[in-house]
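Take a look at the structure set out below.
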Amino acid sequence: MAADKGRIVLVGRTGAGKSTLVNMLVKGNLTPPHLAKMGNGLHGTTKICQTFDGRGWTVIDTMGLGEPDTGSVSNPDAKKLVSDFLNDVKGKYSHIIFVIEKGRIDIVTGIIWKTFLQIFKGGETNFVVLFTKTGGAKWLQENLEQIKTEFPECKQFQYVDFPEIDDDPEVEKENSEIRMTERDRLESELTRMFAGSWVEPDIFRMGDVEIEQKAENILVYIAKLIKSLLLKHGMKALQTTVTIFVAIAELVNVFAGGF
Ligand SMILES: Nc1nc2c(ncn2[C@@H]2O[C@H](COP(=O)(O)OP(=O)(O)OP(=O)(O)O)[C@@H](O)[C@H]2O)c(=O)[nH]1
Ligand SMILES: [Mg+2]
């Protein structure tokens, strides 16, 4: 099907709501069977990058970053993980969307955002930061000025709330209508934003060798970033599973030479 509305890539932390967005945009509703499997937000559900077409959209769903369920990943695997990711998201886009669950702007989200900036360098004009589970427009309106300072590289901010499927048919009927209204509003906002202008991030033109190099650079970059954050905030602040693509310990060993 022709992607006349746009071609979107969704990137963000585990459980942010990327696959839910795929289902709403490409299928139009959350009625099972789902196109993209959705999770409970705790463990990574989407393990690979997948492209979906429908309702005029092409949407690339990516695996959640930040909380992989595997433990430590060895360096060659880490590099392959990143270069595979780069190859999967290499493309032209109408919207490059960073998806965040409301209330989850913290150090981990900060690291993922900075990694996102590295991955999609050259595509900045079409960046969107999209907050999910906001419970309406108010939260973003009230916090927009602060949020803009957290994401200075981005010029477009949006919110959405697609309530989860409810077992009670009466409640579900209402939820389904809310989701449809939300979908239509979000779609018209997305269409308004860039009105047919697409971007080609730098990786779009890269061959295999350059992608390999970029993957290496990104790993070194993340390692340095984490090292500086550790120095600034101390180990405690980062003792969660800060494991963007690979385990911290691995990054430390390989690139940073210990802390
Ligand atoms: N209330 C509400 N719940 C949402 C929204 N978006 C997603 N959820 C719920 O959040 C959970 C995770 O959603 P997913 O769409 O699987 O998240 P994901 O970003 O694809 O997660 P990974 O594949 O693990 O990276 C599910 O229980 C969804 O029903 C939203 O806008 N509002
Ligand atoms: Mg998913």
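A short reminder: the numbers here are calculations on the coordinates, not readings from a lab. A quick note: this is a predicted structure, and the numbers were derived from the prediction, not measured. All Cβ positions, glycine included, derive from the backbone under ideal geometry; neighbour counts span all protein chains shown.
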(message) What distance in nm separates the two pseudo spin-label positions at Lys80 and Lys92, each 7 Å out from Cα along the beta-carbon direction?
(response) 3.3
(request) Could you pull out every one of the lysines with an alpha carbon less than 21 Å from that of Lys5, ignoring same-chain neighbours closer than 8 positions? (result) Lys18, Lys27, Lys90, Lys92, Lys155
(request) Would you list which aspartates and glutamates come within 17 Å of Lys214, measuring only between C-alpha atoms, while excluding same-chain residues fewer than 8 positions from it? (result) Asp77, Asp84, Asp88, Glu200, Asp202
(request) Compute the distance in nm between two label points, each set 7 Å from the Cα along the Cα-to-Cβ direction, one at Ser197 and one at Val209. (result) 3.4
